[in-house]
Amino acid sequence: MALGGGQRVGASCYFLRLGENNILLDCGIGFEKSYRVNPVLNALFTIPEMYSLSQLSEIYISHAHLDHSGYLPELIKSIKHGKIYMTAATKIFLKNQYNDKNYLDIMHYNPRTLPRGITDFEKYATTVNYMQQIPFKNYTAAFYEAGHIPGAMMVLFEYGGRKILYSGDYSLHETPLTGNCQIPDMDIDILILCGIHAKHPRHSAVSEPLKYQKYEMLYYLNSGYNIYCYVPQLSKGVEMLTLLNTQLSEDINIYIDEKIYAVVGGLENLNRQILQKNNYCLSAQTPPSGRHIILSTRRRRSVPAWYKYINGDFSLHDSFDETIDFIKKVNPKIAVIVHSPGFDSPAVETVEQYLMFDAQCRTQFIFPEEQQLYILG
């Protein structure tokens, strides 16, 4: 059952029952017309034998973007025995992100009385490694690198002789942030795919991330301005810094606020090299100098006249063609396509319509509606 993030982006949260195990795949938030959207967890109580969120046994967080992880602190209020699994990098992102002012404002949390989902987050979060296997009573879970952002993981479940793969957000291609995803070399029965462009046949791959932002920044820098770049999430701040380090010359200084700097430090403790010699922590004691970019999670209504303000949000999702390639490489018996917004026109081709003419494809497709129960076995 999709509790959120079915045929749309935002509030990704998917319920999966394997025997006696009640599992959640991600638990995010979304936005529609500036209003926050949460997963509809109460829909679980329409499922036979489900009467309490405390019955959730395991929760898997694929990566740190808020549309997949933002509602987790609220969920922690209601669970007692369920364990939460994520990679160490995702844990670092979320530990800092949940204490960020932007997130606290979104969730309407009082910084003085934070919920235990934030104060006790580290106690609930169990870290896993890529290629690690964990045996449970009814199934085994294994974890594979998903690409997309540092720490993102795919989860492979083996249950009753069948193999079920949850992709989370993934990248089939390498990016400046990560390598490409690791596709399990085995016969997959069910693929739960976050296919954001599965209904967008005209969407091509982003050959150069931040292409337009980079040209805009260089134009203003060469015109004598400095740049104030706002990023909406701490994870986005690390992504932006990594991309700028690969695409701008080192004579341009990049100053990052202390919150982004703390996350970068945690990731570097995991042997992820991010900082360069032209990267500095922004502080009142050391004002920025030279041609520079300020990278911050603080939204500004106005900036000094010698700065230009740029919104630093962007996306690194796979294209329609790469989604096709991913499905063909996995070649599951059933593909459940979630996280998949469409256009208003019903004439737009989907991955299902494209692959139905491929003789090598054995896949049957499900585009689940939210709060509807699907029996896959």
Distance in nm between label sites at SER54 and THR140, each 7 Å beyond Cα in the beta-carbon direction?
3.3
In whole Å, how far is the Cα centre of region 150-169 from that of region 1-32?
14
When the Kirkwood hydrodynamic radius is evaluated over all pairs of different C-alpha atoms of region 1-158, what value in angstrom, to one decimal, is obtained?
15.8
From the phi of every residue in region 320-329, what ³J(HN,Hα) in whole Hz does the Karplus formula 6.51 cos²θ - 1.76 cosθ + 1.60 yield, where θ is phi - 60° and glycine or proline is x?
4, 5, 5, 4, 4, 4, 4, 4, 5, 5
Separation in nanometres of the label points that stand 7 Å from Cα toward Cβ, at ARG112 and LYS214
4.8
One point scatterer per Cα, no solvent, Debye formula: log10 I(q)/I(0) for region 1-56 at q = 0.28 Å⁻¹ comes out as -1.13
May I ask you to evaluate 6.51 cos²θ - 1.76 cosθ + 1.60, the Karplus curve with θ = phi - 60°, for each residue of region 238-250 and list the ³J(HN,Hα) values in order in whole Hz, giving x for glycine and proline?
5, 4, 4, 4, 4, 5, 5, 5, 8, 10, 10, 6, 6
Helix-only [θ]222 nm of the chain, DSSP H runs n ≥ 4, -39500 (n - 2.57) each, per residue, nearest 500
-6000 deg cm²/dmol
Scaled to the compact-protein estimate 2.2 N^0.38 Å, what is the alpha-carbon radius of gyration of region 160-247, rounded to two decimal places?
1.49
Segment GLN133-LEU373, length gained on full extension (0.36 nm per residue, minus Cα span):
83.6 nm
Given R₀ = 22 Å, what would the calculated FRET efficiency be for SER249 paired with SER283, taking r from the Cβ atoms and rounding to 0.05?
0.40
When only the heavy atoms of the protein chains count and the probe is 1.4 Å, how do TYR130, TYR215, TYR144 rank by accessible area, highest first?
TYR215, TYR130, TYR144
Among ASN102, ASN271, ASN42, whose mean-square fluctuation peaks in a Gaussian network model of the chain (Cα, cutoff 10 Å)?
ASN271
If I histogram all Cα-Cα distances within region 274-361 using bins 10 Å wide from 0, what percent of pairs lands in each bin?
10, 30, 16, 15, 20, 9, 1
Past 32 Å, Cα to Cα, is the threshold; run LYS101/LYS328; LYS123/LYS308; LYS199/LYS236; LYS101/LYS211 against it and keep the listed order.
LYS101/LYS328; LYS123/LYS308
Kirkwood hydrodynamic radius for region 67-218: how many Å is it when counted over pairs of different Cα atoms?
17.8
So what does ARG272 come to for accessible area, using a 1.4 Å probe and Å² rounded to 10?
70
Out of all Cα-Cα pairs in the chain, roughly what percent, to the nearest whole number, are more than 39 Å apart?
17
Subtracting the Cα-Cα distance from 0.36 nm times the residue separation, let me have the gained length for SER302 to ASP105 in nm, one decimal.
68.9 nm
Could you give the C-alpha radius of gyration of region 83-145 expressed as a fraction of 2.2 N^0.38 Å, taking N as the number of residues it contains?
1.37
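The values are calculated or read from the model by the stated rules, or taken from the named source; none is laboratory data. This one's a predicted model, so the numbers in the text were calculated from it and none came from an experiment. Note that each Cβ is placed from the backbone with ideal geometry, even for glycine, and that neighbours are counted across all protein chains shown. Surface accessibility is based on the protein's heavy atoms, side chains included, excluding ligands, DNA and RNA. Shrake-Rupley method; radii C 1.70, N 1.55, O 1.52, S 1.80 Å.
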